[in-house]
Amino acid sequence: MFYFLGILVVLCIVMSLRTLFYPASWRAKQLSFERFLFLAFTYTNIMIGFGLLFLLLDMMGFQIALHHGIVLEGHDFRTLLDYMYLSAVTLFSVGYGDIVPIGAARVLIIIEALIGYTIPAAFVVRSAFDSEKK
């Protein structure tokens, strides 16, 4: 069950990134509210997806993070919010240090940080290519 949910969450993240890198077409202005919403929804989808992956790994018994030196455990709404917070500070490369990844989560954190750095560049390049086509 956990593997199925994990694969489903990863598929949602990949499809969101696919839409960013390979959009069908954008018929809007170069800077528009629709593009801003698209970028915001892409970030939100990835942030929630990685937060759910962290929770699924926690539910499978992996230790994911330390919160002020104490292992973050539990499968309630508060823990999910802590994992969403960890995902957000990783995605936006803030990294306050109050929640620190440990164990297997470090690999996911690296992947999420790379995605966080890649999204703005891909968005700008895609916008430039689309404006040249017109």
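The values are calculated or read from the model by the stated rules, or taken from the named source; none is laboratory data. Computed from a predicted model, the values in this text were never measured in an experiment. When we count neighbours, we look across all protein chains shown, and the Cβ atoms used for this are built from the backbone with ideal geometry, even at glycine. The protein model used for the area step is the full one, side chains on, heavy atoms only, and it has no ligands, DNA or RNA in it. Shrake-Rupley method; radii C 1.70, N 1.55, O 1.52, S 1.80 Å.
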Consider Leu91 carefully, then state whether it is open to solvent by less than 30 Å² (accessible area, probe 1.4 Å), out of contact with any strand residue (DSSP E or B) (no Cβ under 6 Å at 6 or more places or on another chain) and within 20 Å of Met15 (Cβ to Cβ).
yes
Among the candidates Ile119, Ile111, single out the residue that is under 18 Å from Ser16 (Cβ atoms), within 15 Å of the chain's Cα centre (by Cα) and open to solvent by less than 30 Å² (accessible area, probe 1.4 Å).
Ile119
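A quick yes/no check of all residues on (1) more than 19 Å from Ile7 (Cα to Cα); (2) at pLDDT 90 or above; (3) assigned to a loop (DSSP other than H, G, I, E, B):
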{"residue": "Gly74", "(1), (2), (3)": "yes, no, yes"}
{"residue": "Leu81", "(1), (2), (3)": "yes, yes, no"}
{"residue": "Met84", "(1), (2), (3)": "no, yes, no"}
{"residue": "Ser87", "(1), (2), (3)": "no, yes, no"}
{"residue": "Thr90", "(1), (2), (3)": "yes, yes, no"}
{"residue": "Val94", "(1), (2), (3)": "yes, no, yes"}
{"residue": "Val100", "(1), (2), (3)": "yes, yes, no"}
{"residue": "Ile111", "(1), (2), (3)": "no, yes, no"}
{"residue": "Leu114", "(1), (2), (3)": "yes, yes, no"}
Regarding Phe50, is this residue of a type in the set (Phe, Trp, Tyr), open to solvent by less than 30 Å² (accessible area, probe 1.4 Å) and in a helix (DSSP H, G or I)?
yes
If you check every pair at least six apart or on different chains, which have Cβ atoms under 7 Å apart with a residue in the stretch 84-104 that is on the phi > 0 side of the Ramachandran plot first and a residue that is open to solvent by 50 Å² or more (accessible area, probe 1.4 Å) and in a loop (DSSP other than H, G, I, E, B) second?
Gly103/Phe62; Gly103/Gln63
Selection from the stretch 57-72 of residues under 26 Å from Tyr3 (Cβ atoms) and not in a helix (DSSP H, G or I) yields Met60, Gly61, Phe62, Gln63, Ile64, Ala65, Leu66, Val71, Leu72
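Go through the stretch 40-55 and count every residue that is in contact with a Gly (Cβ under 7 Å, 6 or more places away or on another chain) and either at pLDDT below 90 or of a type in the set (Lys, Arg) (or both).
0
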